[in-house]
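Student: I'd like to ask some things about the structure below.
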Amino acid sequence: MKLKRIALAALIITAIAAVSCVSTGSIEIPNDLTPAELIQRGQEASDRNRFNVSLQYYDAVIERFPYDIDSVIAAEYEIAFIHYKQKNYELSKTEFTRLLERYNTPDQELLPAQFKILSNIVLGKIAEIEAIRKKRDK
């Protein structure tokens, strides 16, 4: 009886480890996906809190379609937002700031305005969080 319990426990631990590896490991992304499809899959993964998978889809957008500036900016925004949701505020702040630098060019009218607006909103929230933390730590 004791051996059965040990065997069952070992089986459960192995299954959990396998699921963990699958959910955090690298995924195979089909080469024929469009930027819109990659972004959609990234959003779906993010909605399920599968942030590692989501980041891989957004990285694929940036790597495969570097001249599709609208898609690249969308992917960069989503990457920064994932890091914000993960409470990695320093990295997120750096990424949002880098994204906003793209809007300091003569061609900024050609860029999707919503990501500039959203980035500024999230940076404001990060500033609030940092202010609360500073107050608390005094």
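Just so it is clear, none of the values below were taken in a lab; they were calculated from the coordinates. Keep in mind that what you see is a predicted model, and the values were worked out from it rather than measured. Glycine also receives a Cβ, built like all others from the backbone with ideal geometry; neighbour counts cover every protein chain displayed.
Student: Could you tell me whether region 85-98 includes any residue that is touching a residue at least 40 places away in the same chain (Cβ under 8 Å) and within 27 Å of Ile129 (Cα to Cα)?
Tutor: Looking only at region 85-98, we keep the residues that are touching a residue at least 40 places away in the same chain (Cβ under 8 Å), and these are 89.
In the following step, the residues that additionally are within 27 Å of Ile129 (Cα to Cα) were identified as 89.
Yes, there is a match, as at least one residue in region 85-98 is touching a residue at least 40 places away in the same chain (Cβ under 8 Å) and within 27 Å of Ile129 (Cα to Cα).
Student: Now for a different question. Tell me, please, whether a residue that is in contact (Cβ under 8 Å) with a residue 40 or more places away in the chain and either under 19 Å from Gln108 (Cβ atoms) or of a type outside the set (A, V, I, L, M) (or both) can be found in region 46-69. Please lay out each step first, then the result.
Tutor: Step one: list which residues in region 46-69 are in contact (Cβ under 8 Å) with a residue 40 or more places away in the chain, which gives 69.
Narrowing the set further to residues that are either under 19 Å from Gln108 (Cβ atoms) or of a type outside the set (A, V, I, L, M) (or both) leaves 69.
Checked against the condition, which is being in contact (Cβ under 8 Å) with a residue 40 or more places away in the chain and either under 19 Å from Gln108 (Cβ atoms) or of a type outside the set (A, V, I, L, M) (or both), region 46-69 yields at least one hit.
Student: Does region 80-138 hold any residues that are outside any loop (DSSP other than H, G, I, E, B) and among the β-branched types (Val, Ile, Thr), and which are they?
Tutor: The initial filter retains those residues of region 80-138 that are outside any loop (DSSP other than H, G, I, E, B), namely 80-85, 89-101, 108-110, 113-137.
Within region 80-138, Ile82, Thr94, Thr97, Ile117, Ile121, Val122, Ile126, Ile129, Ile132 meet the criteria.
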